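Here the structure comes first, spelled out in structure tokens, and everything after it is commentary.
The values are calculated or read from the model by the stated rules, or taken from the named source; none is laboratory data. The model shown is predicted, which means the values in this text are computed figures rather than measured ones. Every residue, glycine as well, gets a Cβ built from its backbone with ideal geometry; the counts of neighbours run over all protein chains shown.
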Amino acid sequence: MKINISNLSEGTHTYQLSTSAEKLGLGSNLIGEVGAHVTLEKSINQFFLNVHASVKGVFVCDRCVRDYEETVSAEFTSVYSWDQDETMDEKDDYYVLSQDQNIIDISDSVKEYVTLAVPLKLLCNTPECEIPLHVEKEEQTIDPRWEKLKVLKQSKGHL
Ligand SMILES: [Zn+2]
């Protein structure tokens, strides 16, 4: 997922990049084409990139254990510059370009952000989604902090 920045005029440029999930080295539950829509703003000494990436995910639902598909998408910004600027907003990913560099490769950033965008709790969100009957419900465990409080309350009651 590369952008050629040589002889790029100042202003806004947009790109639609794609590669395969496999090439990008994404996890096995992310498959097919990874698309990235890039808005690049070039100013005198830096490139500001806004990237919106998405890929198809195939997951197993945590609740009903069915396979389901869901698009995983991530949005992030990156700044590429020839100058090192320590006052940069820390929220942005900041990359220093070498003087003769004319390619920006966003592959690693896309990989990182898409991987982070995979939900921790995987739910298929279908109306049929239910915990299978043969799977016993996990016993509700009480938060140890609440347990302590309960004991405290009880002992106070005895006073
Ligand atoms: Zn489900």
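Quick look at the numbers
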read-out	value
Among the candidates Ile3, Ile44, residue that is among the hydrophobic types (A, V, I, L, M, F, W, C), in a strand (DSSP E or B) and either under 15 Å from Tyr113 (Cα atoms) or away from the ligand (no atom under 16 Å from the Cβ) (or both)	Ile3
Lone qualifier among Val96, Val114, Val118, Val58 - being surrounded by fewer than 17 Cβ atoms within 10 Å (Cβ to Cβ) and within 30 Å of Ile131 (Cβ to Cβ)	Val58
Residues located in the stretch 6-34, provided they are assigned to a loop (DSSP other than H, G, I, E, B), of a type in the set (A, V, I, L, M, F, W, C) and closer than 17 Å to Val58 by Cβ	Leu26
Selection status of Val58, in a strand (DSSP E or B) and within 14 Å of the ligand (Cβ to nearest atom)	yes
Contacts under 7 angstrom Cβ, first residue in the stretch 64-89 being within 16 Å of the ligand (Cβ to nearest atom), partner of a type outside the set (Ser, Thr, Tyr) and modelled with pLDDT under 85, 6 or more apart	Cys64/Ile131; Cys64/Pro132; Val65/Pro132
Conditions (1) in contact (Cβ under 8 Å) with a residue 40 or more places away in the chain; (2) surrounded by 14 or more Cβ atoms within 10 Å (Cβ to Cβ): number failed by His37	(1)
Residue list for the stretch 18-49, filter: in contact with a Lys or Arg (Cβ under 8 Å, 6 or more places away or on another chain) and within 13 Å of Ser109 (Cα to Cα)	Leu24, Gly25, Leu26
Members of the stretch 1-28 found to be in contact (Cβ under 8 Å) with a residue 24 or more places away in the chain and surrounded by fewer than 16 Cβ atoms within 10 Å (Cβ to Cβ), listed by number	Lys2, Asn4, Ser6, Leu8, Ser9, Glu10, Gly11, Thr12, Thr14, Gly25, Gly27
